[in-house]
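*Asks:* The structure that follows is given in the form of structure tokens.
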Amino acid sequence: GFKDSKTLNPTQRASLFQKLKETPEIGFVLRVLHASEISRNMLRKDPYNLNAMSHDSAMEMIQAVLDAGVKIETCYVDTVGVASSYQTKLERAFSGHGIEFVVEKKADDKYAPCSAASIVAKVSRDTITESWKWSESHFEAKGGKDYGSGYPSDPKCKAWMERNLSDPVFGYPDFVRFSWGPAKKALKEEDCALVEWEADEDDDENASSGKGQQMSMNFFVVAGKGDKNKQPPRKKRRSECFEKLGLSKVTSILNT
């Protein structure tokens, strides 16, 4: 039954999950990656992609099991990305622990531990989404929580996304992963506000012109009195949005 987890309905998966919890010889650890965490990581200036997050989460869980005093002989992993590279990464991270890693595609169809882990993941996901409380105090979902499976091919999911794109700036509630392709596409098609991450043009120019080293030296060299070569500190160029909106720094706060 565990190997067919993708074809089981929520009730059947919940029943198997209960059996796992009632079996004293079986234990599990769970690491939840919320949509808001994934969005923040993938949309930051130096993107932290989903594969890397998945790898790091798996290693966190393995370490948690080791810290609990459990001896791991063999660890079966359903790969994210290239299986051989992922396996090498795990072997290096846990060198000296005597763990044999088996990293393969569709491991949940081949190995019982991965099949059971798939049940744990799906039931936990269903429980979290069903009991979700909106962090946006004024948000009311149109259609409630009838958002389907969360896959773009699911008509329920597509309909929910279309109904609940309500804010021209923030788009969706943080329940939705903004780095998800369908979400980004919907925000663009609905002509929502675009966000551009501007590079520091001064730094770019210095890097290409070779001025970076000289500027670094000027930062540390202090000119003596009367030094004709003394240069005034160079003012960093402000972001364009500050100029357009006429924003300036706060220099003092008055209590009223």
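*Asks:* I need the full set of residues from region 97-150 which are touching a Cys at 6+ places or on another chain (Cβ under 7 Å), assigned to a loop (DSSP other than H, G, I, E, B) and of a type outside the set (Ser, Thr, Tyr), in order please.
*Replies:* Within region 97-150, Ile99, Gly148, Gly150 meet the criteria.
*Asks:* Another question about this same structure. Working only within region 13-34, note down all residues that are closer than 20 Å to Gly69 by Cα and in contact with a Ser or Thr (Cβ under 7 Å, 6 or more places away or on another chain). Quick ask: steps written out before the conclusion?
*Replies:* From region 13-34, those closer than 20 Å to Gly69 by Cα are 21, 23-31; that's our starting set.
Across region 13-34, the qualifying residues are Leu30, Arg31.
*Asks:* Turning to a different aspect of this structure: What's the number of the only condition in (1) on the phi < 0 side of the Ramachandran plot; (2) modelled with pLDDT of 90 or more that His138 fails to meet?
*Replies:* So the condition that His138 fails would be (2).
*Asks:* Also, quick follow-up: Does any residue in region 3-31 that is farther than 24 Å from Glu60 by Cβ come within less than 8 Å, Cβ to Cβ, of a residue that is of a type in the set (Phe, Trp, Tyr) six or more places away or on a different chain, and which pairs are these?
*Replies:* Between residues of region 3-31 that are farther than 24 Å from Glu60 by Cβ and residues that are of a type in the set (Phe, Trp, Tyr), the close pairs are Leu16/Phe2.
*Asks:* Given the structure, is Tyr111 surrounded by 17 or more Cβ atoms within 10 Å (Cβ to Cβ), among the aromatic types (Phe, Trp, Tyr) and in contact with a His (Cβ under 8 Å, 6 or more places away or on another chain)? If you could, list the steps in order and put the result at the bottom.
*Replies:* Working: surrounded by 17 or more Cβ atoms within 10 Å (Cβ to Cβ): yes; among the aromatic types (Phe, Trp, Tyr): yes; in contact with a His (Cβ under 8 Å, 6 or more places away or on another chain): no.
Here the answer is no, as Tyr111 does not meet what is asked.
Here is a yes/no grid of residues against (1) closer than 15 Å to Ala121 by Cα; (2) out of contact with any helix residue (DSSP H, G or I) (no Cβ under 8 Å at 6 or more places or on another chain):
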site: Thr11; (1), (2): yes, yes
site: Leu16; (1), (2): yes, no
site: Glu22; (1), (2): no, yes
site: Pro47; (1), (2): no, no
site: Gln63; (1), (2): no, yes
site: Leu66; (1), (2): no, yes
site: Lys89; (1), (2): no, no
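*Asks:* Regarding Ser39, is this residue within 30 Å of Leu194 (Cα to Cα), touching a residue at least 60 places away in the same chain (Cβ under 8 Å) and open to solvent by less than 50 Å² (accessible area, probe 1.4 Å)? Let's see the steps before the verdict.
*Replies:* On the way: within 30 Å of Leu194 (Cα to Cα): yes; touching a residue at least 60 places away in the same chain (Cβ under 8 Å): yes; open to solvent by less than 50 Å² (accessible area, probe 1.4 Å): yes.
Answer is yes for this residue.
*Asks:* Now, a different point. Name the single residue that is surrounded by the fewest Cβ atoms within 10 Å (Cβ to Cβ) among those in region 80-96 being part of a helix (DSSP H, G or I) and of a type in the set (Ser, Thr, Tyr). Working first, answer last.
*Replies:* Step one: filter region 80-96 for residues part of a helix (DSSP H, G or I), giving 83-93.
Applying the additional criterion that residues be of a type in the set (Ser, Thr, Tyr) yields 84-86, 88.
Working: Ser84: 10, Ser85: 13, Tyr86: 21, Thr88: 13.
Per the stated criteria, the residue is Ser84.
Here is a yes/no grid of residues against (1) surrounded by fewer than 16 Cβ atoms within 10 Å (Cβ to Cβ); (2) within 28 Å of the chain's Cα centre (by Cα); (3) modelled with pLDDT under 90:
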{"residue": "Leu30", "(1), (2), (3)": "yes, yes, no"}
{"residue": "Leu43", "(1), (2), (3)": "yes, yes, yes"}
{"residue": "Pro47", "(1), (2), (3)": "yes, yes, yes"}
{"residue": "Leu50", "(1), (2), (3)": "no, yes, no"}
{"residue": "Ala68", "(1), (2), (3)": "yes, yes, no"}
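*Asks:* Can Gln63 be described as polar (S, T, N, Q), within 26 Å of the chain's Cα centre (by Cα) and under 18 Å from Tyr111 (Cβ atoms)? Let's see the steps before the verdict.
*Replies:* Values: polar (S, T, N, Q): yes; within 26 Å of the chain's Cα centre (by Cα): yes; under 18 Å from Tyr111 (Cβ atoms): no.
No, not satisfied.
*Asks:* Pairs under 8 Å by beta carbon, first residue hydroxyl-bearing (Ser, Thr, Tyr) in region 46-73, partner assigned to a helix (DSSP H, G or I) and open to solvent by 30 Å² or more (accessible area, probe 1.4 Å), six or more apart or different chains?
*Replies:* Sorted first by the residue in region 46-73, then by its partner, the pairs are Tyr48/Met42.
*Asks:* Also, quick follow-up: Can Val77 be described as of a type in the set (Val, Ile, Thr) and either part of a helix (DSSP H, G or I) or surrounded by fewer than 17 Cβ atoms within 10 Å (Cβ to Cβ) (or both)?
*Replies:* Details: of a type in the set (Val, Ile, Thr): yes; either part of a helix (DSSP H, G or I) or surrounded by fewer than 17 Cβ atoms within 10 Å (Cβ to Cβ) (or both): no.
So Val77 fails the test.
*Asks:* Among the numbered criteria (1) modelled with pLDDT of 80 or more; (2) in contact with a helix residue (DSSP H, G or I) (Cβ under 6 Å, 6 or more places away or on another chain), which single criterion is violated by Asp154?
*Replies:* So Asp154 meets the others, but not (2).
The values are calculated or read from the model by the stated rules, or taken from the named source; none is laboratory data. These figures come from a predicted structure and were not determined experimentally. Every residue, glycine among them, receives a Cβ derived from its backbone with ideal geometry; neighbour counts consider all protein chains shown. In case anyone asks, the SASA skips ligands and DNA or RNA and just uses the protein heavy atoms, side chains included. Shrake-Rupley method; radii C 1.70, N 1.55, O 1.52, S 1.80 Å.
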